[in-house]
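Just so it is clear, none of the values below were taken in a lab; they were calculated from the coordinates. All figures in this text were calculated on a predicted structure; none of them were measured in a lab. Using ideal geometry, Cβ is built from the backbone for each residue, glycine included, and neighbour counts are taken over all protein chains shown.
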Amino acid sequence: MVLGRKLRMGMVGGGPGAFIGEVHRKAARMDGQIELVGGAFDINPEKSKQMSKVLYLDPNRCYSCYQEMIEQELKRPEGERMDFVAVTTPNNWHYPIARDLLEAGFHVMCEKPMTISVQEARSLVQIVQKTKRVFGLMHNYTGYPMVKLARDMVKNGELGKIRKIIVQYPQGWLATALERTGQQQASWRTDPKQSGGSGCGGDIGTHAENLSEYITGLKMTHLCAELTTFVKGRKLDDDVNCLVKFNNGAKGVLHASQISVGEENNLAIWIYGEKGGLEWHQEHPNYLYVKPMGKPMQVWKRGNDYVAAYSPAAARATRLPFGHPEAFIEAFANIYCNFADTIRARMEGRKPDPLALDFPDVHDGLRGMLFLDTLLASAKSKQKWTPFKK
């Protein structure tokens, strides 16, 4: 059976004043395969209604809470319900909402970090396996074409055995006590009840962890970490520094910071192997710097035929010809495109294109929580190295 329609998307979170919810909405619509039909956009029902009006949605599909959304959507005929729901709330709500949606039969796209504990993450893995629903995790940086090219180069042995990985994510937006001004994004991200046990580590350190494991295919095994809270009175860390061991013997350095004055969103990674190196910068995402041993450095540029010929995944993630920059929202859209194609294949009773399966999933979410758990344990420990839990 060919579905013959757009996928129907619901949303929890993303109400007035939210940042990431609007990015999800724009990205999901980009390829014309998804339509937003309703949601529970704010914990305040009046604000949820306000958001629904702004988005010109059917008022009958504007819900006061996610539980009501599930209940009312299940009353609709199966072919008229939401097909999947995006969870874009503060971190403490990710697990209960995703759990209830999956158990009710909905596919789920979830913001990161996936949960606020390893226990919740392990539970969600079991629920996804039991319900057989499609679960996507929005580690959007894996959606960039040149990140996919870098991954394929590592996989194909261009660098040889990986020896060294350096990944950074400095920002400066929390260099002052912005949360005390009432700024919405700062307020919940620095609140341990909503954000979890780590502030900077959970918000952006998990992106650095995920990017290094995605490109290299390696797994972190040990951390030697230090967490610091520089802004007086802040309840969570705003600066992270780690030494890292990987499962092939490679060594790494990971640092993330939200008090690095003058930095905007400077996620970057350097990977060094026995035969060469790679370098990629999120603020200049259309270029991958390739450094073969004994040869001049190469600059591979997104959108060119040679990139598509080398990496079908990078080609699939490219929309515009070379010289026309693609960036942040397009990377989100690439995650949504693969996620939606996988759901469509599932609903049509066929196997998805292997390239469509290239999006972060519940297992990546568990890796992120194991990283944060190890990060917090290492920062409190007096021993040099703290191993990841099995």
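Considering the zone a paramagnetic label at residue 76 would reach in this model (a point 7 Å from Cα along the Cα-to-Cβ line), which residues of the stretch 82-113 have amide N under 17 Å from it? Taking a point 7 Å out along Cα→Cβ of residue 76, the residues of the stretch 82-113 whose backbone N falls under 17 Å are 82-87, 101-102, 104-109. If both residues of a DSSP beta bridge must be in the stretch 270-390, then about 100% of such bridges are antiparallel. Among 175, 314, 27, the largest mean-square fluctuation in a Gaussian network model of the chain, built with springs joining Cα atoms closer than 10 Å, belongs to 175.
Measuring r between the beta carbons of residue 31 and residue 382 and using R0 = 45 Å, the FRET efficiency lands at 0.30. For the peptides 95-104, 2-11, 180-189, the ranking by packing is 95-104, 2-11, 180-189, with the highest mean count of neighbouring Cβ atoms within 10 Å listed first.
The string of couplings for the stretch 34-41 from the Karplus curve (6.51, -1.76, 1.60, θ = phi - 60°) is 9, 10, 7, 10, x, x, 10, 8 Hz, one whole number per residue in order, with x for Gly and Pro. For the peptides 359-369, 158-168, 50-60, 260-270, residues were scored by their other Cβ atoms within 10 Å and the scores averaged per peptide; the highest-first order is 359-369, 158-168, 260-270, 50-60. Charge dipole (Cα centre; +1 on Lys/Arg Cβ, -1 on Asp/Glu Cβ; no other charges) of the stretch 1-105 amounts to roughly 280 debye. Note on the chain: with charges restricted to the Cβ of Lys and Arg (+1) and Asp and Glu (-1), its dipole about the Cα centre is near 900 debye. Across the stretch 253-390, the mean sequence separation of Cα contacts (distance under 8 Å, 6 or more residues apart), normalised by length, yields a relative contact order of 11 percent.
With the charge dipole of the stretch 304-385 set up from +1 on Lys and Arg Cβ and -1 on Asp and Glu Cβ about the Cα centre, the Cα lying farthest toward the positive end among the listed residues 328, 374, 338 is that of 374. Averaging Cα coordinates gives a centre for the stretch 24-40 and one for the stretch 261-324; these two points are 29 Å apart.
Each label point was placed 7 Å from the Cα along the Cα-to-Cβ direction; for residue 235 and residue 221 their separation is 3.8 nm.
Computed FRET efficiency, Cβ-Cβ of residue 123 and residue 264, R0 30 Å: what is it to the nearest 0.05? Computed FRET efficiency for residue 123 and residue 264 comes out at 0.25.
Please quote Rg/Rh for the chain to two decimal places, taking the Kirkwood radius as Rh and restricting both calculations to Cα atoms. Rg/Rh for the chain comes to 0.96. For residue 137, the residues 5 or more places off, or on other chains, whose built amide H falls under 5 Å of its own are 110, 361.
Comparing 16, 292, 77 in a Gaussian network model of the chain (Cα springs below 10 Å), the most mobile by mean-square fluctuation is 77. Estimated from helical segments only, the mean residue ellipticity of the chain at 222 nm is -10500 deg cm²/dmol, where each DSSP H run of four or more residues counts as -39500 (n - 2.57).
Here the alpha carbons of the stretch 148-214 define both size measures, Rg and Dmax, at 16.8, 50 Å. Comparing 148, 75, 301, which has the greatest mean-square fluctuation in the GNM of the chain with Cα pairs linked when under 10 Å apart? Looking only at 148, 75, 301, the biggest GNM fluctuation is shown by 75.
You can think of it this way: the chain between residue 50 and residue 248 has 66.1 nm of extra reach, that is 0.36 nm per residue less the Cα-Cα gap.
Rounded to the nearest 5, the antiparallel percentage of DSSP beta bridges internal to the chain is 60%. When +1 charges are put on Lys and Arg Cβ atoms and -1 charges on Asp and Glu Cβ atoms, the dipole computed for the stretch 203-249 relative to its Cα centre reaches about 100 debye.
Per residue, the average separation of C-alpha pairs within less than 8 Å and at least 6 apart gives the chain a relative contact order of 19 percent. Please state the shape class of the stretch 1-125: rounded when a/c is under 1.5, otherwise prolate if a/b exceeds b/c and oblate if not, all from the C-alpha gyration tensor. Rounded. Remark: for residue pairs 132/245; 193/232; 232/380; 232/384; 219/384; 155/219, the C-alpha separation exceeds 24 Å in 132/245; 232/384. Phi angles across the stretch 117-127 convert, under the Karplus curve 6.51 cos²θ - 1.76 cosθ + 1.60 with θ = phi - 60°, into 3J(HN,Hα) values of 7, 5, 4, 4, 5, 4, 4, 5, 4, 5, 5 Hz, Gly and Pro given as x. Rounded to the nearest Hz, the phi-derived 3J(HN,Hα) couplings of the stretch 185-195 under the Karplus curve 6.51 cos²θ - 1.76 cosθ + 1.60 (θ = phi - 60°) are 5, 5, 4, 7, 5, 9, 9, x, 5, 9, 8, where x marks glycine and proline. For the peptides 323-332, 38-47, the ranking by mean Cβ contacts within 10 Å, running from highest to lowest, is 38-47, 323-332.
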